[in-house]
Amino acid sequence: MTPPPSSVRANSAAARDIANVLHPYTDLEKHQEVGPVVISRGKGVRVWDDAGKDYIESVAGLWCASLGFDNERLAQAALAQMRKLPFYHAFTAKSHEPMIDLAEMLIARAPLPMSKVFFANSGSEANDSAIKMVWYFNNALGRPKKKKLIGRIKGYHGITIGSASLTGLAANHRSFDVPLPGFVHTITPHHYHGALPGESEEDFATRCADELEKLILAEDPDTVAAMWAEPIMGAGGVIIPPRTYYEKIQAVLKKYDVLFVADEVICGFWRTGTYWGSQSLNMQPDMIVCAKALSSSYLPISAVMVNDRVFQGLAKESHAIGTFGHGFTYSGHPVPAAVAIETLKIYDELDIGNHVADVGAHLQAELRARFAEHPLVGEVRGMGMIGAVELVADKAKHANFDPSAKIGARLTALCEANGVIARSLSGDVLAFSPPLIITRPEVDEMLDRVGAALGELTTQLQREALAKPVAGTPHETRAE
Ligand SMILES: Cc1ncc(COP(=O)(O)O)c(C=O)c1O
């Protein structure tokens, strides 16, 4: 066993973590020296570490604990289901009420007519399932060549082999030998960085659609099966596409008979201010993937909804083969399904949409009022209860810091010191996706703490700039 670093008490939870846990999304070598933040309990929008320090969770864990960290009804729903039927499966036409009820509730709440729901356990698994459904569907239609899938640069769809191949982020590809062949990526619809000088949002959206069409033509439309999109890109930087983007993109997809899959893993369940991100952003997908806030993440569950055209294809092919040979042991597991049912009921009862309209508007206004003019802030963006503050080295040129400066990581460390668990995304983007139940005073407290952290970072960077000799200064001339 590696001995714990001197800053970590022997036999503490942190020391045992270092000795035994392989962490996702962590510098594994550095972790051996630095160790974890051990979170021990939660209440409302806050969590506490094992030393008793409180933090406001500005990203609801991983954009997911929508009802906060102590919802008793969800705990009771799980317990009641555990006692009644702790496990059953959905293979070979077996079923149970929680899965049936949840499927019915999702279909009733879908943003456009959907036919059936398939359950999985994570966003990645749901996206991988949807990928396989697209391939199966095109085999059913006698189009065995039509299999390529389009993601977007900076899109995030998870980390299983298929979903990581759709993902368009270097950290998820590098050294993992993905994307697989047959996965291609179109441009990121981010006006702030991607637009040409003077290009309007609408013109940029037209260019994004033109680029998509060029890609489809270059690949050969007879080989392109589907495109995936998060309504608002989450992990890629909280990127809201330009006005008219989805109308234009969808026209191209229709022209070449390419299916459209909405990845609502972050945006679903009121995050953007409407029940689905597809509604806020004007998307009409053939398939919808959701997870996270489906159960407020109290237990793992995800879903793929398919429209009737897709379902008829799957049904036909499965009948020809004799079975739809796909499914997880835990597909539709009754306990997470019961928690998800309770979660959806709570959203309705709390009228969480109205709450998001009110507090989300406050969050958006405060983010802009407090940070937009800050010299280190390039863009403040967001919608509903999701937002971002992007730090830049040069405000006028929209130029990011050199990634090696790890500015975002420095800011999140300062946020933690100030009592906020924050998430910085590549490009030094500080994301905000708090529990949907957050109140106006809690938003203010969260932003006060983030503001203090940003103030400290600014002072540090100013000091470092003063300490650093600049080319052409007398000091450097002397050194030469
Ligand atoms: C849009 C989107 N899709 C898919 C995923 C993957 O979900 P999971 O981590 O549950 O596999 C995520 C996770 O953050 C996501 O944000």
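Collect the residues in the range 102-127 that are acidic (D, E) and within 12 Å of the ligand (Cβ to nearest atom), keeping them in residue-number order. Can you show your working first?
Residues of the range 102-127 acidic (D, E): 104, 125.
The one that is acidic (D, E) and within 12 Å of the ligand (Cβ to nearest atom): E125.
May I ask you to verify whether A130 is away from the ligand (no atom under 12 Å from the Cβ), of a type in the set (G, A, S) and assigned to a helix (DSSP H, G or I)?
Against the criterion (away from the ligand (no atom under 12 Å from the Cβ), of a type in the set (G, A, S) and assigned to a helix (DSSP H, G or I)), A130 does not qualify.
I'm trying to understand the selection: among the residues of the range 163-185, which are of a type in the set (S, T, N, Q) and either within 16 Å of the ligand (Cβ to nearest atom) or part of a strand (DSSP E or B) (or both)?
S163, S165, T167, N172
In the range 55-70, which residue that is within 16 Å of the ligand (Cβ to nearest atom) and either small (G, A, S) or open to solvent by 30 Å² or more (accessible area, probe 1.4 Å) (or both) is farthest from I266 (Cα to Cα)?
This residue is S58.
Can you list the helices (runs of 4 or more DSSP H) lying wholly within the range 378-480 that have 1 or more residues being at pLDDT 95 or above and within 21 Å of V356 (Cα to Cα)? I'd like the intermediate steps shown before the answer.
Values: elements: 407-417, 440-467, 474-479.
Output list reads 440-467.
Would you mind telling me which numbered condition in (1) open to solvent by 40 Å² or more (accessible area, probe 1.4 Å); (2) more than 16 Å from the ligand (Cβ to nearest atom) M99 fails?
Tallying (1) open to solvent by 40 Å² or more (accessible area, probe 1.4 Å); (2) more than 16 Å from the ligand (Cβ to nearest atom), M99 fails exactly one: (1).
Between R271, R243, which is within 30 Å of G198 (Cα to Cα) and part of a loop (DSSP other than H, G, I, E, B)?
Step by step, each of R271, R243 is checked, and only R243 is within 30 Å of G198 (Cα to Cα) and part of a loop (DSSP other than H, G, I, E, B).
Just to check your reading of the model, which residue among R41, R16, R83, R73 is touching a helix residue (DSSP H, G or I) at 6+ places or on another chain (Cβ under 6 Å) and open to solvent by 60 Å² or more (accessible area, probe 1.4 Å)?
R73
Suppose we filter I346, I341, I352, I386 for residues that are out of contact with any strand residue (DSSP E or B) (no Cβ under 6 Å at 6 or more places or on another chain), among the β-branched types (V, I, T) and surrounded by fewer than 20 Cβ atoms within 10 Å (Cβ to Cβ); which single one remains?
Values: I341 fails: surrounded by fewer than 20 Cβ atoms within 10 Å (Cβ to Cβ); I352 fails: surrounded by fewer than 20 Cβ atoms within 10 Å (Cβ to Cβ); I386 fails: surrounded by fewer than 20 Cβ atoms within 10 Å (Cβ to Cβ).
Result: I346 is the single residue among I346, I341, I352, I386 that is out of contact with any strand residue (DSSP E or B) (no Cβ under 6 Å at 6 or more places or on another chain), among the β-branched types (V, I, T) and surrounded by fewer than 20 Cβ atoms within 10 Å (Cβ to Cβ).
Determine which single condition D257 fails, assuming it passes every other condition in (1) in a loop (DSSP other than H, G, I, E, B); (2) free of Cβ contacts under 8 Å to residues at least 12 places away in the same chain.
(2)
Pick from I321, I249, I301, I240: which is touching a Ser or Thr at 6+ places or on another chain (Cβ under 8 Å) and hydrophobic (A, V, I, L, M, F, W, C)?
Only one candidate passes the filter, namely I301.
Determine which single condition G353 fails, assuming it passes every other condition in (1) out of contact with any Gly (no Cβ under 9 Å at 6 or more places or on another chain); (2) in a helix (DSSP H, G or I).
Condition (1) is where G353 drops out.
For the structure I just gave you, tell me whether S280 is within 16 Å of the ligand (Cβ to nearest atom) and open to solvent by 30 Å² or more (accessible area, probe 1.4 Å).
Criteria met by S280.
Which of the residues belonging to the range 238-266 are within 16 Å of the ligand (Cβ to nearest atom) and of a type in the set (G, A, S)?
A262, the sole residue that qualifies.
If I go through the range 425-456 residue by residue, how many of them are within 25 Å of T188 (Cα to Cα) and open to solvent by 40 Å² or more (accessible area, probe 1.4 Å)?
Adding up the residues that qualify gives 1.
Hey, could you check the range 284-300 for residues that are open to solvent by 10 Å² or more (accessible area, probe 1.4 Å), closer than 23 Å to F432 by Cβ and part of a loop (DSSP other than H, G, I, E, B) and say which is nearest to the ligand (Cβ to nearest atom)?
Among those that are open to solvent by 10 Å² or more (accessible area, probe 1.4 Å), closer than 23 Å to F432 by Cβ and part of a loop (DSSP other than H, G, I, E, B), it is S297.
Output the residues belonging to the range 74-117 that are touching a Leu at 6+ places or on another chain (Cβ under 9 Å) and closer than 15 Å to P300 by Cα.
Correct list: L74, A78, P98, L102.
Kindly indicate which of F311, F269 is open to solvent by 40 Å² or more (accessible area, probe 1.4 Å), away from the ligand (no atom under 12 Å from the Cβ) and under 29 Å from F87 (Cβ atoms). Show your work before the answer.
Working: F269 fails: open to solvent by 40 Å² or more (accessible area, probe 1.4 Å).
After applying the criteria, what remains is F311.
Tell me whether the range 186-194 contains one or more residues that are within 11 Å of the ligand (Cβ to nearest atom) and buried (at least 23 other Cβ atoms within 10 Å of the Cβ).
no
Any idea how many residues of the range 220-237 are assigned to a loop (DSSP other than H, G, I, E, B) and away from the ligand (no atom under 11 Å from the Cβ)?
2
Inspect all residues belonging to the range 301-321 and state whether any of them is assigned to a loop (DSSP other than H, G, I, E, B) and farther than 20 Å from E72 by Cβ. Outline the logic, then answer.
Of all residues in the range 301-321, those assigned to a loop (DSSP other than H, G, I, E, B) come to 301, 307.
If we keep only those that are farther than 20 Å from E72 by Cβ as well, we get 307.
Yes, there is a match, as at least one residue in the range 301-321 is assigned to a loop (DSSP other than H, G, I, E, B) and farther than 20 Å from E72 by Cβ.
Show the residue pairs meeting these rules: Cβ distance below 6 Å; 6+ apart or different chains; first residue within the range 329-340 and closer than 18 Å to K116 by Cβ; second residue assigned to a helix (DSSP H, G or I) and open to solvent by less than 10 Å² (accessible area, probe 1.4 Å).
A337/L102; A340/L102; A340/L294
Are any residues in the range 163-184 under 17 Å from L149 (Cβ atoms) and within 16 Å of the chain's Cα centre (by Cα), and if so, which ones?
Across the range 163-184, the qualifying residues are S163, A164, S165, L166, T167, G168, L169, N172.
For the range 149-162, check the following and say yes or no: at least one residue is closer than 20 Å to G327 by Cα and more than 16 Å from the ligand (Cβ to nearest atom).
Just the residues of the range 149-162 that are closer than 20 Å to G327 by Cα, to begin with: 157-162.
Subsequent filtering for residues that are more than 16 Å from the ligand (Cβ to nearest atom) retains none.
No, that holds for no residue.
For the range 104-151, name all the residues that are open to solvent by 50 Å² or more (accessible area, probe 1.4 Å), farther than 20 Å from S163 by Cβ and either acidic (D, E) or in contact (Cβ under 8 Å) with a residue 12 or more places away in the chain (or both).
E104, I107, R109, P113, K116, N139, L141, R143, K145, listed by residue number.
The values are calculated or read from the model by the stated rules, or taken from the named source; none is laboratory data. Predicted model, so just to flag it, every value in this text is computed and none were measured. Ideal geometry is used to build each Cβ from the backbone, glycine not excepted, and the neighbour counts take in all protein chains shown. The area values use the complete protein model at the heavy-atom level, side chains included, leaving out ligands, DNA and RNA. Shrake-Rupley method; radii C 1.70, N 1.55, O 1.52, S 1.80 Å.
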